[in-house]
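The values are calculated or read from the model by the stated rules, or taken from the named source; none is laboratory data. Note that the structure is a prediction, hence the values are computed from the model and not measured. Every residue, glycine among them, receives a Cβ derived from its backbone with ideal geometry; neighbour counts consider all protein chains shown.
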Amino acid sequence: MSKRIFLSLIILVLITVYAYPFFYSYEKYGLKNIETYNTVLLTDSYKQISKEFTKDWKNYGKTFLVLQKNYFKKLYFWIVVIIPLVFLLHYIIIGPKRFSHDGEKFLIFNVLNRLVHWITAAAFTILVISGLVMLFGKYFGGGSFVRFFRYLHAPAAFVFTPFAIIMFLMWIKDMIIAPGDVTWFIKFGGYLSKGSDFIMPVGKFNPGQKSWFWLATMGGMVMMYTGYYLYSFDTDVNSLRIYAIIHNFLGMLILMMFLVHLYMSLFAIKGSLKSMITGYKHEDELKHMHNRYYLKVKK
Ligand code: HEM
């Protein structure tokens, strides 16, 4: 895709994302007499379909309370404690992968890739931290401290959404399942063995990175959609319960993968962080970890 088409796409996406709230409020509070056009029809048919799937809405009240009271907080707590501990053990027992930085280097992440990545990463990190502070608000003494983080959550989501869409468009073609991905899974990407004496026949991104990409971008969109209603209370109470269950459950998966991503990029492969700052990776790492991609760029 040429740079110009790509930039036009980005601008179009940004305009759409930012114009939507205005269009929405205009439609809701503005011209009531033309409101009957297809939004209402769509909402009606959506409700009809939902009814078919969900039957008795009241069940969700109970499910919601049980999950909320007994499981979510505990599960989040264990994720935040256990996953870093497992990684600490991995770091001590197996250790990070080190590759020579002497050979030829290749530009892997261009300026646009790095800019989009770091803006998305910053917004996302604020979303994760502020989400956890809200969830464990009681233990942070509640009050203005927790309220401050609640106020941060929405603007961070507002930044995250358009940049996650750009990230999606920017990397989707490299993130589709490809030959070599199954081998990577079978060998667990080489992360369970010491040293780096192996060849992983994968392209620019391995299946672990691909899973993170899909979860962060598509899952991120579901988080934004459900989060919008949880923030605005702009729907009925049963829908709010379902949205809260989805938001909390998906949030858990995303948090797990986010911790994996942090460990991989900050500790598991020496020099990985530098590659997302400078854009370059060295020959030795590409040859071992992304062999198919290496053979392509080496030609
Ligand atoms: C602040 C925390 C973060 C740090 C330190 C970080 C660091 C990195 C690094 C070093 C890479 C290059 C990995 C490599 O190929 O060697 C990378 C890639 C990537 N990052 Fe992040 N990242 C962060 C947050 C995020 C967030 C929040 C998202 C998505 C919402 C994200 C999405 C990606 C994707 C899709 C890639 C390419 C595939 C991959 O390497 O996983 N990152 N990140």
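Structural remarks
- Hey, Phe168 under 23 Å from the mean Cα position of the chain (by Cα), modelled with pLDDT of 95 or more and within 20 Å of Leu253 (Cα to Cα) or not: yes
- Just one of the listed residues (Ser144, Ser130) is in the same structural domain as Phe258 (by TED's automatic domain parsing), away from the ligand (no atom under 12 Å from the Cβ), part of a helix (DSSP H, G or I) and in contact (Cβ under 8 Å) with a residue 24 or more places away in the chain, namely Ser130.
- Val297 vs. criteria near the ligand (Cβ under 10 Å from one of its atoms) and in contact (Cβ under 8 Å) with a residue 40 or more places away in the chain: no
- Residue list for the stretch 111-126, filter: hydrophobic (A, V, I, L, M, F, W, C), surrounded by 13 or more Cβ atoms within 10 Å (Cβ to Cβ) and more than 19 Å from Ala157 (Cβ to Cβ): Leu112, Leu115
- Residue in the stretch 192-228 that is farthest from His90 (Cα to Cα), counting only those that are within 19 Å of the chain's Cα centre (by Cα) and of a type in the set (Phe, Trp, Tyr): Tyr228
- Among the residues of the stretch 171-184, those that are at pLDDT below 95, surrounded by 12 or more Cβ atoms within 10 Å (Cβ to Cβ) and not β-branched (Val, Ile, Thr) comprise Ala178, Gly180, Asp181, Trp184.
- When Tyr293, Tyr229 are checked against the criterion of being closer than 22 Å to Ala154 by Cα and either part of a helix (DSSP H, G or I) or in the same structural domain as Lys173 (by TED's automatic domain parsing) (or both), Tyr229 stands alone in meeting it.
- Yes/no for Ala154 being surrounded by fewer than 19 Cβ atoms within 10 Å (Cβ to Cβ) and within 30 Å of Thr16 (Cα to Cα): yes
- Matching residues, the stretch 264-278, being in contact (Cβ under 8 Å) with a residue 60 or more places away in the chain and near the ligand (Cβ under 10 Å from one of its atoms): Ala268, Ile269, Gly271, Ser275, Met276, Ile277
- Any chance Met221 is within 28 Å of Pro201 (Cα to Cα), within 15 Å of the ligand (Cβ to nearest atom) and in the same structural domain as Phe99 (by TED's automatic domain parsing): no
- Among the residues listed as Ile92, Ile82, Ile129, Ile108, the single one being loosely packed, with under 13 Cβ neighbours inside 10 Å, within 24 Å of the chain's Cα centre (by Cα) and of a type outside the set (Asp, Glu): Ile82
- Condition check for Met289: within 16 Å of the ligand (Cβ to nearest atom) and within 25 Å of Phe149 (Cβ to Cβ): no
- Within the stretch 164-186, one or more residues are away from the ligand (no atom under 11 Å from the Cβ) and either in the same structural domain as Ile5 (by TED's automatic domain parsing) or charged (D, E, K, R) (or both).
- Qualifying residue in the stretch 216-224 (condition: touching a residue at least 12 places away in the same chain (Cβ under 8 Å), out of contact with any Leu (no Cβ under 6 Å at 6 or more places or on another chain), part of a loop (DSSP other than H, G, I, E, B) and surrounded by 19 or more Cβ atoms within 10 Å (Cβ to Cβ)): no
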